[in-house]
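K.L.:
Just passing along the structure, written as structure tokens.
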Amino acid sequence: MKRVGLAFLAFCMVFGALTGCTEKAKPAEYDLEALGKQIADSGAFSDILSPVNKEIAASFYGFEDAEVTECVEYCSTGATTEEIALIKCADEEAAAKISANAKARVETQRTIYESYAPLEMPKLDDAIVTQDGLYVFYIVSADSAKVQAVLDGLKK
């Protein structure tokens, strides 16, 4: 009986040592101001983008002020669908909601622009809408590959 107890104790010590050594993945952290500028300067946009305030972004993505801790939004002149929205949410529930609203924005923009500016449809087809933890990114550009290259560079 003593051997079984010692074997069990040894097993627990080894198991505890191994599980204690694993690191939890740290949640992503982004400098949204710097990232927004980097994306805007990537050469992926055919229109002039200008920063807009959080209240305008809230009207686009349907969020309450308390749901978002940081927001960087650039919009085009209106002649194109080009846009950058980088949003840090207060919690993952808010992030899921805003991500769904961003996906719906693609369809809303499609409805608005399909007869007004049909050449904008490929940009919407290649829109980047992604959620990474508390962050939601919505980016519509003339060259989504350039934007994706910037985003891929963050993961290195």
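Read-outs throughout are calculated quantities, based only on the coordinates presented, and are distinct from any laboratory measurement. All figures in this text were calculated on a predicted structure; none of them were measured in a lab. Neighbour counts run over all protein chains shown; Cβ positions are idealised from the backbone, glycine included.
K.L.:
Quick one: which of K37/K97; K37/K155; K37/K88; K54/K88; K54/K123 span more than 19 angstrom between C-alpha atoms? Please report the intermediate quantities before stating the final value.
P.N.:
Values: K37/K97 25 Å; K37/K155 17 Å; K37/K88 16 Å; K54/K88 12 Å; K54/K123 24 Å.
With Cα atoms farther than 19 Å apart: K37/K97; K54/K123.
K.L.:
Follow-up question, since we're still on this one. Using the basic label-point model (7 angstrom from Cα toward the beta carbon), what is the N53 to D31 distance in nanometres?
P.N.:
Placing both labels 7 Å beyond Cα along the Cβ direction yields 2.6 nm.
K.L.:
Taking the Cα centre of region 30-154 as origin, sum charge times position over the Cβ atoms of Lys and Arg (+1) and Asp and Glu (-1), and report the length of that vector in debye to the nearest 20.
P.N.:
Charge dipole of region 30-154: 240 debye, to the nearest 20.
K.L.:
Also, I was wondering about something else. Does region 41-97 come out rounded, prolate or oblate by the C-alpha gyration tensor, with a ≥ b ≥ c the root eigenvalues, rounded set by a/c under 1.5 and, if not, prolate when a/b is larger than b/c and oblate if not?
P.N.:
prolate
K.L.:
Next question. Given a Förster radius of 25 Å and the C-beta distance between A145 and A104 as r, what FRET efficiency does 1/(1 + (r/R0)^6) yield to the nearest 0.05? Don't skip to the end; give the middle numbers.
P.N.:
Values: r = 24 Å, r/R0 = 0.98.
Given R0 = 25 Å and the Cβ-Cβ separation, E is 0.55.
K.L.:
Same structure again: Please give the length that would be gained between K155 and Y116 if that part of the chain were fully extended, namely 0.36 nm times their separation in residues minus their C-alpha to C-alpha distance (nm, one decimal).
P.N.:
Contour length minus Cα-Cα distance gives 10.3 nm.
K.L.:
In nm², what is the average projected area of the convex hull enclosing the Cα atoms of region 30-154?
P.N.:
The directionally averaged projection comes out at 6.6 nm².
K.L.:
Calculate one ³J(HN,Hα) per residue across region 96-102 by plugging θ = phi - 60° into the Karplus curve 6.51 cos²θ - 1.76 cosθ + 1.60, and present them in order as whole Hz with x for glycine and proline.
P.N.:
Result, ordered by residue: 5, 5, 5, 4, 5, 5, 5 Hz.
K.L.:
Given points 7 Å out from each Cα along the Cα-Cβ axis, report the E93 to E64 separation in nanometres with one decimal.
P.N.:
The two pseudo-label positions are separated by 1.0 nm.
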